[in-house]
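K.L.:
One structure, as structure tokens, below. Some questions next.
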Amino acid sequence: MAPPKTKAATAAASSITSAPTTTQTLEPYWEYRFEVPHSSILTIKLVSGTAEKDGTELAPNTPYAFTATKSKINTWHGCTLEITAPSSGTYDAYTSEPNADETPMVSYLNLHFKLESLRAAAQRTAQMGPRVLVVGPPNAGKSSLVRTLTSWATRMGRQPLVVNTDSREGMLTLPGTLSAAVFATLIDATTDWGTLPSSGASAIPVKLPLAYYYGLPQSDDNPKLFKRMLGRLAIAATSRLAEDIDVKSAGMLIDTGGVPAGTRGAAYYDFVAHIVAEFSVNIVVVLGSERVGSEMQKRFSGQITSVGETVTVIGLDKSGGVMDRDEAFMQSIRESAIREYFFGNARMTLSPFTQQVDFAAVSIWRISEASSKTAADGGGITYDEGEVHTDMLEKAEPSMMLQNCVLAVACASVHDVPDNIRDANIMGFVYVADVDEKRRRLRILAPVSARLGDRPLLWGSWPEHMVNLLI
Ligand SMILES: Nc1ncnc2c1ncn2[C@@H]1O[C@H](COP(=O)(O)OP(=O)(O)OP(=O)(O)O)[C@@H](O)[C@H]1O
């Protein structure tokens, strides 16, 4: 692939305050890249031609409102967009103007067609379709690629199972979780993955994820628990494939967190190997890094999966448009996800159900970081799995520490043994709005008007405390 033209790389960026409606014409393969902060809403309308956002086609003459996002609209055949700037607040936008040889989108489309032919063959023989794992450095466009491949697959009438193994970001649920969902209908273009199931009715069918709560941001914060949760998710995903022939032939698309810098990389490769084995991955896509690509080749190329196929490793270029999202931006995204979970969004306001619960009536289980992570030879990190140093779950007494925390509600009973509570998927989340230590009571917010009953609550540190949810 030829390097991108300077024109594309240096396309002008604009920071506009309260600008009026403008039109933007895109030639084939061009992208309109934009960045909208939390406080602004940018509206984009397709007035002619065809355009996509992460594989989802934009409907003509329909306003799409974007907030708290960094993304792009691309076109294969050219289009005209009508852009309405925020009435208050700012946004940044520019056009990237590559030709067909210069955009990685063409290689992503080729990958899609390769997957399609594998799915068609799997359908004919009632076998499993491709299980694709996407890896690469942070901010390489991994989630965007998984989303795009998902949208393209659903547009062909496929029903892929999409798996998120990056607990820093939630897929159709809050961060802190590992989740899987079948995508059979289009993804709401104004969101990353679609409306959260708690947000009620939506014009686009809501996807229901199966989620496990890990409760920590990094996979190596508690490696034993992380692997355990991956294993649970893999069992659930594999049985979902087994019970539905359409999902089985469409296969899986698996997103991962980025390869961490420095010595934590070794542990990351260990987790990738675990995912490859547990989900019987047969295609590893490496995005935007020759170094990671060569590591993956070394480890997986030619390896035989549990169902007898050979693992293929494919390297793809990263898009020059992928944007860094700093910690402040990511935190604002997490906050809006929590807010949406309990209070809905601009299209649907929700009023969460509040309940007062005695300390004695709740069963809270704390997820902690592993206490020992030891540096190993060669600068890597190993975890001595033989030792009992990672209590995966510990019973916790309610205290002020719970104030403003989000807790996951386990799909288990307080009478279950701790192992079953740890292994359970989650039903949803509650928020601890208040802790009254004197009267030994908690004020708890839930998205639905249901009592907690005998459900155990899982208490992690991710997503982090959110102090201003009720303000
Ligand atoms: N071509 C593009 N133009 C503009 N923005 C883009 C483009 N591709 C991706 N982005 C945006 O860049 C950001 C980072 O992309 P993405 O989330 O796909 O990366 P990632 O590799 O999954 O990141 P992480 O390592 O944090 O999981 C996202 O906000 C995404 O929408």
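K.L.:
Classify the chain from the C-alpha gyration tensor, please: rounded if a/c falls under 1.5, else prolate or oblate depending on whether a/b exceeds b/c.
P.N.:
Values: a/c = 1.70, a/b = 1.22, b/c = 1.39.
Cα axes put the chain in the oblate bin.
K.L.:
I would also like to ask the following. Taking amide hydrogens as modeled 1.01 Å from N in the peptide plane, which residues meet the under 5 Å criterion relative to ASN222, leaving out close sequence neighbours?
P.N.:
Long-range HN contacts for ASN222: ALA370.
K.L.:
Sketch the reach of a paramagnetic label on MET427 as a point 7 Å from Cα along Cα-to-Cβ, and name the residues of the stretch 206-250 whose backbone nitrogen lies under 17 Å away.
P.N.:
Those under the cut-off are 209-213.
K.L.:
Roughly speaking, what is the stretch gain from ALA242 to ALA121, that is 0.36 nm per residue apart minus the C-alpha to C-alpha distance, in nm to one decimal? Could the numbers behind the result be given before it?
P.N.:
Numbers: separation 121, 0.36 × 121 = 43.56 nm, distance 1.68 nm.
Here the segment from ALA242 to ALA121 would lengthen by 41.9 nm.
K.L.:
Right, something else. Quick check for me: using +1 on Lys/Arg Cβ and -1 on Asp/Glu Cβ, what's the dipole size of the chain about its Cα centre, in debye to the nearest 20?
P.N.:
Values: 43 positive and 50 negative charges, 140 e Å.
Taking the Cα centre of the chain as origin, the dipole is about 680 debye.
K.L.:
For the pair SER336 and ALA261, how long in nm is the line joining their label points, each one 7 Å along Cα→Cβ?
P.N.:
2.7
K.L.:
Also, I was wondering about something else. Positive end of the charge dipole of the chain (Lys, Arg +1 and Asp, Glu -1 on Cβ, about the Cα centre): tell me which of ALA100, SER39, LEU196 has its Cα farthest that way.
P.N.:
LEU196
K.L.:
Here is a further query. Taking only C-alpha pairs under 8 Å that are 6+ residues apart, what is the relative contact order of the stretch 6-101 in percent? Provide the component values of the computation, followed by the final result.
P.N.:
On the way: 256 pairs, mean separation 46.3, N = 96.
Relative contact order for the stretch 6-101 comes out at 48 percent.
K.L.:
Related question: Looking at this model, which pairs from LYS227/LYS438; LYS224/LYS248; LYS53/LYS224; LYS72/LYS114; LYS70/LYS395 are more than 32 angstrom apart at the alpha-carbon?
P.N.:
Numbers: LYS227/LYS438 40 Å; LYS224/LYS248 29 Å; LYS53/LYS224 37 Å; LYS72/LYS114 24 Å; LYS70/LYS395 40 Å.
Flagged as over cut-off: LYS227/LYS438; LYS53/LYS224; LYS70/LYS395.
K.L.:
Once the piece of chain linking THR62 and ARG451 is laid out straight, how much longer is it, given 0.36 nm per residue of separation minus the C-alpha distance between them?
P.N.:
Length difference between fully extended and current span is 136.0 nm.
K.L.:
Follow-up question, since we're still on this one. Contour minus end-to-end for ASN110 and ARG439, with contour as 0.36 nm per residue of separation and end-to-end as the Cα-Cα distance? If you can, show how the numbers build up before the last one.
P.N.:
On the way: separation 329, 0.36 × 329 = 118.44 nm, distance 6.28 nm.
Here the segment from ASN110 to ARG439 would lengthen by 112.2 nm.
K.L.:
For the pair GLU327/LEU470, report the inter-label distance in nm, with labels modelled 7 Å from Cα in the Cβ direction.
P.N.:
Those two pseudo-labels are separated by 2.8 nm.
K.L.:
For the stretch 76-92, what does the Karplus curve 6.51 cos²θ - 1.76 cosθ + 1.60, with θ = phi - 60°, yield as ³J(HN,Hα) per residue in whole Hz, taken in order and with x for Gly and Pro?
P.N.:
Couplings: 8, 10, x, 6, 10, 10, 10, 10, 10, 5, x, 6, 9, x, 10, 8, 10 Hz.
K.L.:
So, one more: How far apart, in nm, are the 7 Å Cα→Cβ label points at LEU350 and SER306?
P.N.:
Each label point lies 7 Å from its Cα, and together they span 3.4 nm.
K.L.:
Which of VAL292, VAL435, GLY258 sits farthest toward the positive end of the charge dipole of the chain, with +1 on the Cβ of Lys and Arg and -1 on the Cβ of Asp and Glu?
P.N.:
Highest projection toward the positive end goes to VAL435.
K.L.:
So, counting K/R as plus one and D/E as minus one, what does the shell of residues with Cβ under 9 Å around VAL134 add up to?
P.N.:
On the way: positive: LYS142; negative: ASP255.
Result for the neighbourhood of VAL134: 0.
K.L.:
Moving to a separate point now. Considering only GLY176, VAL132, LEU233, whose Cα is most displaced toward the positive end of the charge dipole of the stretch 110-316, charges sitting on Cβ of Lys, Arg (+1) and Asp, Glu (-1)?
P.N.:
Final value for the positive-end residue is VAL132.
K.L.:
While we're here: What list of ³J(HN,Hα) values in whole Hz, one per residue of the stretch 52-63 in order, does the Karplus curve 6.51 cos²θ - 1.76 cosθ + 1.60 (θ = phi - 60°) give from phi, with Gly and Pro shown as x?
P.N.:
So the Karplus estimates, Gly and Pro as x, are 9, 10, 6, x, 8, 5, 7, 6, x, 6, 10, x Hz.
K.L.:
Would you kindly derive the ³J(HN,Hα) couplings of the stretch 209-215 from the backbone phi angles with the Karplus curve 6.51 cos²θ - 1.76 cosθ + 1.60 (θ = phi - 60°), listing them in order in whole Hz, with x for Gly and Pro?
P.N.:
Karplus values, whole Hz, x for Gly and Pro: x, 9, 10, 10, 9, 9, x.
K.L.:
Local charge sum around ASP436 (other residues, Cβ-Cβ under 12 Å, Lys/Arg +1, Asp/Glu -1)?
P.N.:
Numbers: positive: LYS438, ARG439, ARG440, ARG441, ARG443; negative: ASP358, ASP434, GLU437.
With Lys, Arg at +1 and Asp, Glu at -1, the net is +2.
K.L.:
So, one more: Where does each of CYS405, CYS411, CYS79 land when they are ranked from fewest to most other beta-carbon atoms within 10 angstrom?
P.N.:
Values: CYS405 19, CYS411 16, CYS79 24.
Least crowded to most crowded, the residues run CYS411, CYS405, CYS79.
K.L.:
Determine by what factor the alpha-carbon radius of gyration of the stretch 250-346 differs from 2.2 N^0.38 Å, reporting the quotient.
P.N.:
Relative to the rule-of-thumb radius for its length, the stretch 250-346 sits at 1.35.
K.L.:
Which net charge results when you count Lys and Arg as +1 and Asp and Glu as -1 among the other residues whose beta-carbon is under 14 Å from that of GLU290? Please list the in-between numbers first.
P.N.:
Values: positive: ARG291, LYS298, LYS318; negative: GLU295, ASP317.
So the surrounding residues net to +1.
K.L.:
While we're here: Using alpha carbons only, what's the Rg to Rh ratio of the stretch 146-256 with Rh from Kirkwood? Walk me through the numbers before you get to the answer.
P.N.:
On the way: Rg = 13.7 Å, Rh = 14.2 Å.
Dividing the radius of gyration by the Kirkwood radius yields 0.96.
K.L.:
For the chain, what relative contact order do you get, as a whole percent, if you take Cα pairs closer than 8 Å and at least 6 residues apart? Present the calculation step by step, with values, prior to reporting the outcome.
P.N.:
Details: 1056 pairs, mean separation 69.3, N = 471.
Relative contact order comes out at 15 percent.
FYI, it's all coordinate maths here, none of it is from the lab. Note that the structure is predicted; figures quoted are calculated from it, not measured. Glycine also receives a Cβ, built like all others from the backbone with ideal geometry; neighbour counts cover every protein chain displayed.
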